[in-house]
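Shown next, in structure tokens, is the structure this report addresses.
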Amino acid sequence: MQVQAPKGTEDVTPLQSWRWQLVEAAQREICARYGYREVRTPVFEHTELFLRGVGDTTDVVQKEMYTFEDKGGRSVTLKPEGTAGVVRMLLESRLYAEPMPIKTYYSNCPVFRYEKPQSGRLREHHQFGVEAFGAPLPTVDAEQISLAWELLHGLGLRDLALHINSIGCPTCRPVYHQRLRDFLASKLDALCDTCKDRYERNPMRILDCKSPACQAQLVGAPSVLDCLCEDCQNHFDALQQALGALNVPFSIDPGIVRGLDYYTKTVFEIIGQFPVGKLTLCGGGRYDGLVEQLGGPALSGVGFGMGTERVLLALAQQDIAQAEPALVELFLCTQNEAARMPGLALVKALRDAGVHADMDHVGRSMKAQFKFADKCGARLVAVLGEEELSGGTVTLRDMQTREETKLSLDGAAAEVARRLGKA
RNA sequence: GUGGGUGUAGUUCAGCGGUUAGAGCGUCAGAUUGUGGCUCUGAAUGUCGUGGGUUCGAUUCCCACCAUCCACCCCA
């Protein structure tokens with residue numbers, strides 16, 4: 001084997017694609033019910049969009065972007081997250097002139113981060129995500145969380161935990177930053193090197209540090225939640241009420257600090273514990289300053305991203321059975337050479353009638369054709385042989401009941417469609 | 001970027017310093033006359049990751065490289 005997929009990428013083979021399709025169908029269905037419309041944005045954008053949007057102090061921007069120069073000397077980047085592109089589209093298409101709110105989603109959106117792959121982590125993965133613009137009320141935060149919660153549970157997942165937090169806004173966050181710095185000032189030497197760096201630039205990220213040394217220093221640290229301004233506090237209170245109204249259980253976790261700089265107020269994650277370990281399936285929050293920061297009007301935003309590979313991994317980890325659709329509903333067995341062309345015409349007539357039909361293209365024996373039909377999950381098998389050809393008929397076998405009936409060749413397609421409930 | 005594990009058939013894995021490297025699953029073909037799922041029989045497929053070293057001899061031992069998996073960091 002010489003050629004292989006680049007590190008950290010995965011193919012979706014014909015043996016697996018149905019699993020993706022089931023998840024994507026669920027995403028589309030729930031978005032339709034919640035009033036979110038699909039958007040599609042380019043796989044790559046100008047690098048500057050992410051520098052300004054995601055924030056140039058974040059790990060994602062600093063060390064994980066797939067950035068390169070195109071032949072015209074422009075710096076472009078494969079999208080490392082979904083939101084910035086949607087905001088750019090909103091501005092470029094002047095969608096903000098439409099009635100608010102604008103509720104959008106993307107499904108199967110490729111996302112690229114240059115990292116070392118491991119379980120549940122790839123260099124290219126795919127996200128489902130929603131974004132709502134021009135909706136400042138916390139009800140929309142709650143609606144999105146509910147959408148994600150319902151989607152995951154609708155797929156059959158269980159034992160998930162919703163963690164919410166508020167990280168304040170430009171009014172109150174600096175107050176908290178200062179309080180946190182004051183608290184940590186005397187403990188600075190004990191922090192890990194990256195956290196020493198974070199101390200000045202973005203002290204909240206220290207809360208997210210997994211180093212035991214740092215965690216030990218954080219005991220008794222002030223919480224953001226004690227520093228929220230009145231507006232943020234009211235928003236957070238109302239969010240909790242809304243989640244209560246929607247029957248979505250949650251826990252408040254001041255340790256939830258998102259890795260992207262644009263978040264304000266609400267942040268949340270949906271986490272599951274699996275045999276492979278803890279997986280964040282979904283993460284998001286509110287980003288009220290982002291649209292303006294990218295040169296647009298002051299427009300609020302809320303959104304989340306959900307990793308499809310992780311959802312599929314979670315489904316596999318919890319042994320959740322998904323019904324694989326049969327490859328064909330009817331398989332046509334041809335007994336001999338003479339039956340092949342009439343058979344091809346019959347299969348076409350069946351397909352025209354909406355039946356998922358196929359026939360032998362390999363030249364196998366009747367027995368092998370039946371075996372193959374069985375592997376394809378065919379409910380019906382049609383047989384075309386000498387006997388049928390001479391009488392202008394086709395034999396139809398129900399693979400479950402083993403009953404066989406003879407149909408006229410002319411009316412066969414319509415009759416099969418009727419039996420399969422398609423007519 | 002740092003650390004650990006693993007590389008043998010399509011796949012999951014055995015194996016051993018010494019003739020023609022194995023098994024389950026899968027694939028294909030058969031078990032009389034045009035008919036599947038179960039069972040039985042048979043067949044095909046491997047530069048034993050790559051390069052070097054030790055050795056009379058390496059798939060087996062050592063080293064390097066590459067790939068892959070996992071952990072940390074970070075995140076979906």
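The values are calculated or read from the model by the stated rules, or taken from the named source; none is laboratory data. None of these values were measured; they are calculated from a predicted model. Backbone-built Cβ (ideal geometry, glycine too); neighbour counts: all protein chains shown. Heads up: the accessible areas ignore ligands, DNA and RNA and are worked out on the full protein's heavy atoms, side chains in. Shrake-Rupley method; radii C 1.70, N 1.55, O 1.52, S 1.80 Å.
What does the charge count near residue A:16 come to, summing +1 for each Lys or Arg and -1 for each Asp or Glu among other residues with Cβ under 12 Å from its Cβ? If you can, show how the numbers build up before the last one.
Details: positive: A:19; negative: A:10, A:11, A:309, A:324.
Charge balance in the 12 Å sphere: -3.
Leaving ligands, DNA and RNA out of it, rank A:341, A:359 by accessible area with a 1.4 Å probe, largest first. Working shown, then result.
Working: A:341 135, A:359 10 Å².
Descending order: A:341, A:359.
Please work out how much length the chain gains when fully extended from residue A:178 to residue A:345, using 0.36 nm per residue of separation minus the C-alpha to C-alpha distance, in nm with one decimal.
In short, 52.4 nm is gained.
Whole angstrom only: what separates the Cα centroid of the stretch A:217-246 from the Cα centroid of the stretch A:1-72?
31
Just reorder A:348, A:116 by solvent-accessible area, largest first, 1.4 Å probe, all chains present. List each step's numbers first, then the result.
On the way: A:348 115, A:116 155 Å².
From most exposed to least exposed: A:116, A:348.
For the peptides A:292-298, A:10-16, A:28-34, what is the packing order when you average, over each peptide's residues, the other Cβ atoms within 10 Å and list the highest mean first? All intermediate terms of the calculation are to be shown ahead of the outcome.
On the way: A:292-298: 13.6, A:10-16: 10.4, A:28-34: 15.1.
With the highest mean Cβ count within 10 Å placed first, the list reads A:28-34, A:292-298, A:10-16.
I want the local charge near residue A:342. Using Cβ-Cβ distances under 14 Å, sum +1 for each Lys or Arg and -1 for each Asp or Glu among the other residues.
Details: positive: A:340, A:348; negative: A:337, A:360, A:386, A:387, A:388, A:410.
Counting the neighbours of residue A:342, the net charge comes to -4.
Quote the FRET efficiency, to the nearest 0.05, computed for residue A:253 versus residue A:298 with a Förster distance R0 of 35 Å and r equal to the Cβ-Cβ distance. All intermediate terms of the calculation are to be shown ahead of the outcome.
Values: r = 29 Å, r/R0 = 0.83.
Efficiency for this residue pair is about 0.75.
What is the distance in Å between the Cα centroid of the stretch A:113-186 and that of the stretch A:323-350?
51
Take the Cβ-Cβ distance between residue A:118 and residue A:215 as r, set R0 to 22 Å, and report the resulting FRET efficiency rounded to the nearest 0.05. Working shown, then result.
Values: r = 22 Å, r/R0 = 1.00.
Once rounded, the FRET efficiency stands at 0.50.
Can you compute the FRET efficiency between residue A:336 and residue A:408 using 1/(1 + (r/R0)^6), with r the Cβ-Cβ distance and R0 = 22 Å? Round to the nearest 0.05. Working shown, then result.
Details: r = 20 Å, r/R0 = 0.93.
Once rounded, the FRET efficiency stands at 0.60.
By its C-alpha gyration tensor, with a ≥ b ≥ c as the square roots of the eigenvalues, how is the stretch A:227-305 shaped: rounded for a/c under 1.5, else prolate for a/b larger than b/c, else oblate? Mind showing how you got there, number by number?
Working: a/c = 2.14, a/b = 1.36, b/c = 1.58.
In terms of gyration-tensor shape, oblate.
Once the Cα gyration tensor of chain A is found, what semi-axes does its equivalent ellipsoid get, as square roots of 5 times the eigenvalues, in whole Å, sorted largest first?
Numbers: eigenvalues 588, 99, 91 Å².
For chain A, the ellipsoid semi-axes come out as 54, 22, 21 Å.
Send over a whole-number figure in Å² for the accessible area per residue of chain A, probe 1.4 Å. Don't skip to the answer; put the middle values down first.
Values: 20870 Å² over 423 residues.
About 49 Å² of surface per residue is accessible.
To make sure I understand the rule: partners must be aspartates and glutamates, Cα under 15 Å from the Cα of residue A:265, and not fewer than 8 residues away in the same chain. Which ones qualify?
Counting by Cα, and skipping residues close in sequence, residue A:265 has these aspartates and glutamates nearby: A:141, A:226, A:230, A:231, A:237, A:253, A:288.
Could you tell me which of rounded, prolate or oblate describes the stretch A:1-50, using a ≥ b ≥ c as the square roots of the eigenvalues of the alpha-carbon gyration tensor, with rounded for a/c under 1.5 and, failing that, prolate when a/b is larger than b/c and oblate otherwise? Mind dumping the intermediate values first?
Working: a/c = 4.29, a/b = 1.22, b/c = 3.51.
It comes out oblate by the Cα gyration axes.
For residue A:16, put the label point 7 Å out on the Cα→Cβ axis and report which residues of the stretch A:91-106 keep their amide N under 11 Å from it.
No residues fall inside that zone.
Mind running the shape call on the stretch A:342-422? Use the C-alpha gyration tensor, a ≥ b ≥ c as the square roots of the eigenvalues: rounded below 1.5 for a/c, prolate if a/b tops b/c, oblate otherwise. Provide the component values of the computation, followed by the final result.
Numbers: a/c = 1.30, a/b = 1.11, b/c = 1.18.
Since a/c stays below 1.5, the shape of the stretch A:342-422 is classed as rounded.
In what order, largest first, do A:388, A:404, A:230 sit by accessible area if the probe radius is 1.4 Å? Please list the in-between numbers first.
Details: A:388 15, A:404 100, A:230 145 Å².
So the residues, ranked largest to smallest area, are A:230, A:404, A:388.
Among A:392, A:307, A:259, determine the one that fluctuates most according to a GNM of chain A built with springs between C-alpha atoms less than 10 Å apart.
Among A:392, A:307, A:259, the largest mean-square fluctuation in the Gaussian network model of chain A belongs to A:392.
List the lysines whose Cα sits under 17 Å from the Cα of residue A:196, skipping any in the same chain fewer than 8 residues away.
Hits, sequence-local ones excluded: A:187, A:210.
Express in nm, to one decimal, how much length is gained between residue A:187 and residue A:246 on full extension, taking 0.36 nm for each residue of separation and deducting their alpha carbon distance.
Full-extension gain reported as 17.0 nm.
Per the 1.4 Å probe, what fraction of the accessible area of chain A, in percent, lies on carbon and sulfur atoms?
Answer for chain A: carbon and sulfur cover 51 percent of the accessible area.
Which entries of A:7/A:79; A:71/A:116; A:348/A:406; A:348/A:422; A:371/A:406; A:79/A:116 have Cα-Cα distances beyond 24 Å here? Spell out each step's value before the answer.
Values: A:7/A:79 17 Å; A:71/A:116 28 Å; A:348/A:406 19 Å; A:348/A:422 16 Å; A:371/A:406 21 Å; A:79/A:116 17 Å.
The pairs that break the limit, which is 24 Å between Cα atoms, are A:71/A:116.
Heavy-atom accessible area of residue A:250 with all protein chains present, probe 1.4 Å, nearest 10 Å²?
Taking all protein chains as shown, residue A:250 has close to 70 Å².
Grab the other residues whose beta carbon is less than 10 angstrom from that of residue A:167, score K and R as +1, D and E as -1, and report the net.
Details: positive: A:173, A:258, A:265, A:286; negative: none.
The answer is +4.
For residue A:356, what accessible area in Å² do you get when you roll a 1.4 Å probe over the heavy atoms of the protein chains, rounding to the nearest 10?
Accessible area of residue A:356: about 100 Å².
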